[in-house]
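Report on the structure given below.
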Amino acid sequence: MDLNNLTLFKMIDIERSYLTERQKVLAENIANANTPNYLPKDVEKPVFETEVKKTLALDVTNPMHFSALPQREPVANRVYTPEVTDPLSIDGNGVIIEDQLNEVSKTKGDYSRMLTIYSSFKTLVKTANTKINA
């Protein structure tokens, strides 16, 4: 049984890819905290409802079901520079270390939560498969 074909595992893989890329970008921001004219970057999170429809191949019975969310194709792990709202340093650097470390901490928590869900579901599938084959 290939667990990668299960929907939840596909969705976890999408999330893992996003969180891994985001940690790399945040680390780059922190590394460039003293670089003149450097603006912090971030990673665009894939649009959830588009990913769900693509992953689950859902048939929408009513177009209003997903109308509240932006209707666009996801750009997987697109790195972008958010609009700067805080004042820049004298040398034009826009990195605020405390904000970046806070985002790193949130991303780490999201990654841990995703791994917990993955482990729990994997155990559940293994248990169910063992009961069937017994």
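The amide H of T35, built 1.01 Å from its N in the peptide plane, has no neighbour under 5 Å, considering only residues 5 or more places off or on other chains. Our estimate of slack between T20 and L115, defined as 0.36 nm per intervening residue step minus the Cα-Cα distance, is 33.0 nm. Modelled this way, with points 7 Å down the Cα-to-C-beta line, the labels at L88 and K126 are 5.2 nm from one another.
Here, each number is a calculation from the coordinates, and none is a lab measurement. All figures in this text were calculated on a predicted structure; none of them were measured in a lab. Neighbour counts are summed over all protein chains in view; Cβ atoms, including those assigned to glycine, are modelled from backbone coordinates with ideal geometry.
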